[in-house]
Amino acid sequence: MDGISSELQDRTNRLYERARVYAMEVSMKKSKIMVNSTAKSSADITINDEKPEEVTCF
């Protein structure tokens, strides 16, 4: 993972953990990621060891 991907993964992990502190659950059915890059076509981001669906627009 390059620096940007690892930073995004770290932020995703912190968001997931913060939600758990407040007894909130992250729905994998509703969680989606979008790559906005000219260099990469996919992201290596996981939430609770699951890869969310990648979309091209929201």
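The values are calculated or read from the model by the stated rules, or taken from the named source; none is laboratory data. Just so it is clear, the model here is predicted, and its values are computed rather than measured. Backbone-built Cβ (ideal geometry, glycine too); neighbour counts: all protein chains shown.
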Seminar exercise, completed: Within the range 29-58, residues being of a type in the set (Asp, Glu), assigned to a loop (DSSP other than H, G, I, E, B) and under 10 Å from the mean Cα position of the chain (by Cα) number 1
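Yes/no matrix, rows are residues, columns are (1) loosely packed, with under 10 Cβ neighbours inside 10 Å; (2) at pLDDT 90 or above; (3) among the basic types (Lys, Arg):
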{"residue": "ARG11", "(1), (2), (3)": "no, yes, yes"}
{"residue": "ARG18", "(1), (2), (3)": "no, yes, yes"}
{"residue": "SER27", "(1), (2), (3)": "yes, yes, no"}
{"residue": "SER41", "(1), (2), (3)": "yes, no, no"}
{"residue": "GLU54", "(1), (2), (3)": "no, yes, no"}
